[in-house]
1. Just need a number here: residues in region 34-53 that are outside any helix (DSSP H, G or I) and either free of Cβ contacts under 8 Å to residues at least 24 places away in the same chain or crowded, with 17+ Cβ neighbours inside 10 Å (or both).
2. Between a first residue in region 169-194 that is of a type in the set (A, V, I, L, M, F, W, C) and modelled with pLDDT under 85 and a second residue that is buried (at least 19 other Cβ atoms within 10 Å of the Cβ) and in a loop (DSSP other than H, G, I, E, B), which pairs have beta carbons less than 7 Å apart while being 6 or more apart in sequence or on different chains?
3. What pairs come out if I take residues in region 154-167 that are in contact (Cβ under 8 Å) with a residue 40 or more places away in the chain and buried (at least 22 other Cβ atoms within 10 Å of the Cβ) and pair them with residues that are part of a loop (DSSP other than H, G, I, E, B) and of a type in the set (A, V, I, L, M) whose C-beta lies under 6 Å away, six or more apart or interchain?
4. Could you check how many residues of region 54-81 are in a helix (DSSP H, G or I) and either within 19 Å of the chain's Cα centre (by Cα) or within 20 Å of Y174 (Cα to Cα) (or both)?
5. So L260 clears everything in (1) at pLDDT below 90; (2) in contact with a strand residue (DSSP E or B) (Cβ under 7 Å, 6 or more places away or on another chain) except one condition, right? Which one?
6. Output the residues belonging to region 118-144 that are more than 14 Å from the chain's Cα centre (by Cα) and more than 17 Å from L62 (Cα to Cα).
7. Report yes if E107 is acidic (D, E) and modelled with pLDDT under 90, otherwise no.
8. Mind checking whether some residue in region 351-368 is within 30 Å of T193 (Cα to Cα), modelled with pLDDT of 85 or more, assigned to a helix (DSSP H, G or I) and of a type in the set (K, R)?
Amino acid sequence: MILKTDPREVNIPLAMNDRCLYVHTGGTTAVPKICIVSHRQMVWNSFDILATGIVGAFRTVLITFPFFHIGGWNTFTPLYHAGITSVLMRDFNPGLVLDLIHEGRVENFGAVEAMLQFLIAHPKFAETDFSRLKGIITAAAPCSKAVMKVFLDKGVPISQTYGMTEAGPSNCGYVARSDSMDELLDNSASIGTSMFHCDSKIINQESGAEVEHGEIGVLCLRSSHNFDGYLNDPARTGKVIQEDGWIYTGDLAQQDPDGLLYIRGRADNMFISGGENISPEEIENALMKHPAVAGALCAGIPDPKWGQAPVALVVFHAGMSAAEDELKAFCRDHLADYKVPKQIRPATELPLTGVGKLNRNAVVEVFS
C-alpha cells in the first residue's frame, strides 16, 4: 500500500485532536465498545510513559501484544518516539520468546500473566539465559506474586502497570526506587502511582465521594490522554466520562500509606448472593493461598435459594491436587461462609479472552 502511494500525498497535515485509531475494548464484562483514540491521546501517553521511566534505556523491546488491542499500539508508540527498536510477533510463541531472550536479542517485553505462565511451563525455560533481559512489564490484568517471583529469582526486574483504552492507554506504573529485587517482590501486587500528567482518585461507588485513605472504592482517572468517547454511543460515553473530565474506570482500587495503588477487582464483577455483595477476586485470592492451587477463577451463577451463588475453577501446580471438600474447608478459614464457593472444579487451564484476560463468562457456561 505504501509503495503504491503517490509520494506527494504522504505528508498529510494532522491536528492533535484528529482521530488516530478506532480500537475495541477488551469486552470482558460486556459487548466490546469502539473507542475513539486521537493523536493527542497517543502522543501524550507516549510522553508520560517515557517521562515516568517505565520504558527505560532499552535498545530492543519485544511487542507481544496484538495490534487489534490497544496494548500493541500502546507498546509501539512510545518506542517509536524514543527511537527504540521494536521486535514484532504475529502470534505469541513461548519457545521463540525464550530463544530471543537467551540470545540477548531483546532487553524488555510486556506480557499478561498467562504469557508468563506459558514461558515458565516451556521445556526451554530452565536453560534460558536471562542475564541480558533488563525488565518485564505486566499489563491488562493483575499478575500474581508467585509468577512474578519466578522471574525475580532469575534476576529479572518485573513490575505491574495499569491503564485502559478510555483513560490511557497507560495511567499508572510501579517504578522501583532501587535495584533491589526484594523491593520489587514486596510491592509486586502494586500498580505503582499515577503518571506525571495523570490525576487519580478513588470514590465511593454509591455516593461518588472520595473515600478515606486505605478504603476500597472505584478508581477514576483524568489526564491529557483521555479518549474521545465511544463511536456512535453517547449514552455509554456519558457514563464513563464524568464531571470535570474524570474517567470512571469501574476498577476497585485501594491506596496504601506510601501512596501506592492496588487493584482489588472490578465493580461490575461483583454479584449479590442472599443480599450480600461478593467480589469474585476476593474468593480467587483466598483459593490461591492454598499450596496446591496455581490459579483460580470465580463467578456467580443463578441459584434458586440465594439468587446467585459463587463457583470456581482451579488449576493445580504440576504434580499437586486437592479435593473439593478440602478447598472449601480452606476457604472457610479465609472467607465468610456466604463467600465460600458452592462448587469448585479442577481445570487444566483457566479460560481467557482473545487478549489474554480472564474470562468469567466462560466459568458461568462451565457450571450452567
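The values are calculated or read from the model by the stated rules, or taken from the named source; none is laboratory data. Quick caveat: nothing in here was measured; it's all calculated off a predicted structure. As a convention, Cβ positions derive from the backbone with ideal geometry for all residues, glycine included, and neighbour counts pool all protein chains shown.
1. So the count comes out to 4.
2. V175/I54; A176/P157
3. Matching pairs, first to second residue: T161/A139; Y162/I191.
4. Qualifying residue count for the region: 10.
5. (1)
6. Those that are more than 14 Å from the chain's Cα centre (by Cα) and more than 17 Å from L62 (Cα to Cα): I120, A121, H122, P123, K124, F125, A126, E127.
7. No; evaluated as a whole, the condition is false for this residue.
8. Yes - at least one qualifying residue is present in region 351-368.
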